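Asks: Quick one: the structure is below, questions incoming.
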Amino acid sequence: RLSEDINEIGINNEHKPPPAELDDNPADASLLMKIIRKGLIDTKNDLDIQRKDPNSPLYSVKSFEALHLKPELLKGVYAMGYNTPSKIQETALPTLIADPPQNMIAQSQSGTGKTAAFTLAMLTRVDTTKDYPQVLCLSPTYELAIQTGEVAARMAKFCPDISIRYAVRGEEISRGDKLKDHVIIGTPGKVLDWSLKFRAFDLSKIIVFVLDEADVMIAQQGHQDQCIRLQKHLSKKCQMMLFSATYEKKVMDFAEFIVPSPITIRLKKEEEVLDNIKQYYVKCRGQDDKYRAIANIYGVITIGQAIIFCHTRKTAGWLAGKMSNEVGSESVGVLSGDLTVEQRLAVLDRFREGHQKCLITTNVLSRGIDIDQVNIVVNFDLPIDQQGNADCETYLHRIGRTGRFGKHGIAINLIDSEQCMRICRDIEKHFGKKIMLLDAENSDEIE
Ligand code: ADP
């Protein structure tokens with residue numbers, strides 16, 4: 001039963017959403033995701049493929065054998081526990097390793113198997129009879145380069161002849177050195193130094209050029225120009241591939257600038273995750289009232305685990321204090337952008353192990369991290385973009401934590417202004433899924 005009176009609560013509009021906090025350092029978020037992810041993200045959606053010549057067939061494979069890899073590489077793939085190609089791999093891999101080489105731009109969310117795909121393509125093209133760099137992979141940061149290098153090293157476990165070299169901070173070469181490694185994985189600045197300044201290897205001999213995490217790359221100061229400078233020295237025959245988790249216009253403009261005549265693959269988002277999720281909103285009179293709403297639903301929340309999203313660290317800290325008083329500080333975890341990657345992992349581990357029933361967070365958790373036990377997501381603040389409009393993509397990412405794998409989840413949006421209500425309506429309209437009014441005083445309504 002939905003109480004009438006809650007409808008009557010005048011909602012105030014003094015609370016303008018605070019300006020978005022830059023809590024989501026994209027490189028950190030991406031690194032955290034890579035470390036924490038246990039496996040592929042489940043996707044049901046179809047690929048969107050654009051290519052120059054629609055008549056040329058595009059092959060798709062259902063097994064790694066069908067790729068006719070070198071046996072040592074196939075062994076490496078299986079040793080990593082990959083039995084069948086992921087959706088993006090099915091389509092990208094045959095094209096990436098085909099002859100003549102073709103350029104590719106691939107966009108799909110994190111965790112869909114992009115890194116594994118291009119790493120395999122890179123290793124496939126290495127000619128170990130030649131002792132100079134042939135494959136160049138650019139990553140936006142030191143840590144991300146190391147992550148990719150580790151995947152490559154594991155995959156090349158049974159190919160001892162393939163030599164991989166990091167071009168990242170801390171790695172030094174002397175003037176006059178000539179690199180003999182087949183694969184270079186590094187950050188743009190260091191790679192520029194080594195190739196153009198030190199002439200330690202010849203960019204025109206590179207046959208595979210990979211630009212990973214293009215969206216994170218362009219968010220890093222100066223990286224975009226460095227990538228373009230490097231790309232200019234590559235040979236016309238060099239195969240170029242670019243990967244991105246997102247597809248905003250500025251990323252795709254950069255992608256098309258850097259990768260000539262590509263086949264473009266996009267794995268569309270899984271909007272149907274919302275099918276398994278009951279979405280509610282609760283009208284509140286302000287921050288304290290929002291807290292009371294949560295306290296009222298907390299009895300239900302404790303059945304499983306909850307994640308509460310706040311817009312700022314300040315709100316997250318405030319809420320954590322209030323909730324700790326209520327349920328004990330050991331039951332509440334806080335995750336925000338001021339923590340180091342290690343600290344965030346520790347918080348997430350405690351939450352995963354179930355020691356904490358409730359995790360309060362700013363945006364850092366909204367993308368890519370799977371926590372299976374979560375069945376309630378509370379938007380203490382609705383996700384908004386820089387302009388203050390509904391950020392539907394982030395909403396989907398947040399809510400997508402619940403209701404994974406067909407289990408039912410609940411999403412609760414706390415609304416304390418007309419502006420918030422409008423944002424909530426925009427989200428509802430965007431996904432075409434009803435967000436129902438919930439009486440927080442009467443939480444039996446939650447199934
Ligand atoms: P992305 O680069 O799109 O974020 P990754 O290539 O890092 O995705 O893959 C995500 C996770 O899934 C990693 O833990 C990776 O080891 C694993 N993975 C990748 N491809 C497969 C596969 N074909 N089968 C099983 N696991 C896979």
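Asks: Among the residues of the stretch 416-440, write down those that are among the acidic types (Asp, Glu) and within 23 Å of Gln387 (Cα to Cα). Can you show your working first?
Replies: In the first step, residues of the stretch 416-440 are kept if they are among the acidic types (Asp, Glu); the result is 416, 418, 426, 428, 439.
Once the filter is applied, which keeps residues that are among the acidic types (Asp, Glu) and within 23 Å of Gln387 (Cα to Cα), the stretch 416-440 yields Asp416, Glu418, Asp426, Glu428.
Asks: Mind listing just one residue for me: the one in the stretch 301-334 that is more than 23 Å from Cys420 (Cβ to Cβ) and in contact with a Phe, Trp or Tyr (Cβ under 8 Å, 6 or more places away or on another chain) and, of those, surrounded by the fewest Cβ atoms within 10 Å (Cβ to Cβ)?
Replies: Looking at residues that are more than 23 Å from Cys420 (Cβ to Cβ) and in contact with a Phe, Trp or Tyr (Cβ under 8 Å, 6 or more places away or on another chain), I get Glu326.
Asks: Can you name the residue in the stretch 265-289 that is within 16 Å of the ligand (Cβ to nearest atom) and either small (Gly, Ala, Ser) or out of contact with any Phe, Trp or Tyr (no Cβ under 7 Å at 6 or more places or on another chain) (or both) and, of all such residues, is modelled with the lowest pLDDT?
Replies: Once the filter is applied, the top-ranked residue is Glu270.
Asks: A further question on this structure: Would a scan of the stretch 220-228 turn up a residue that is under 18 Å from Asn103 (Cβ atoms), more than 16 Å from the ligand (Cβ to nearest atom) and open to solvent by 10 Å² or more (accessible area, probe 1.4 Å)?
Replies: Looking through the stretch 220-228, at least one residue is under 18 Å from Asn103 (Cβ atoms), more than 16 Å from the ligand (Cβ to nearest atom) and open to solvent by 10 Å² or more (accessible area, probe 1.4 Å).
Asks: Would you check which residues across the stretch 235-255 are surrounded by 19 or more Cβ atoms within 10 Å (Cβ to Cβ) and away from the ligand (no atom under 16 Å from the Cβ) and list them?
Replies: Listed by number, the residues that qualify are Cys238, Gln239, Met240, Met252, Phe254.
Asks: Note down all Cβ pairs under 9 Å where the first residue falls in the stretch 415-436 and is among the acidic types (Asp, Glu), the second is assigned to a helix (DSSP H, G or I), and they're at least six residues apart or on different chains.
Replies: Short answer, once both residue conditions are applied: Asp416/Gln287; Asp416/Asp289; Asp416/Lys290; Asp426/Cys392.
Asks: Can you spot a residue in the stretch 249-261 that is among the aromatic types (Phe, Trp, Tyr), under 26 Å from Cys358 (Cβ atoms) and at pLDDT 90 or above?
Replies: No, because not a single residue in the stretch 249-261 is among the aromatic types (Phe, Trp, Tyr), under 26 Å from Cys358 (Cβ atoms) and at pLDDT 90 or above.
The values are calculated or read from the model by the stated rules, or taken from the named source; none is laboratory data. Quantities reported herein were computed from a predicted structural model and do not represent experimental measurements. Neighbour counts run over all protein chains shown; Cβ positions are idealised from the backbone, glycine included. Remember, those area values only see protein heavy atoms, side chains included, never the ligands or the DNA or RNA. Shrake-Rupley method; radii C 1.70, N 1.55, O 1.52, S 1.80 Å.
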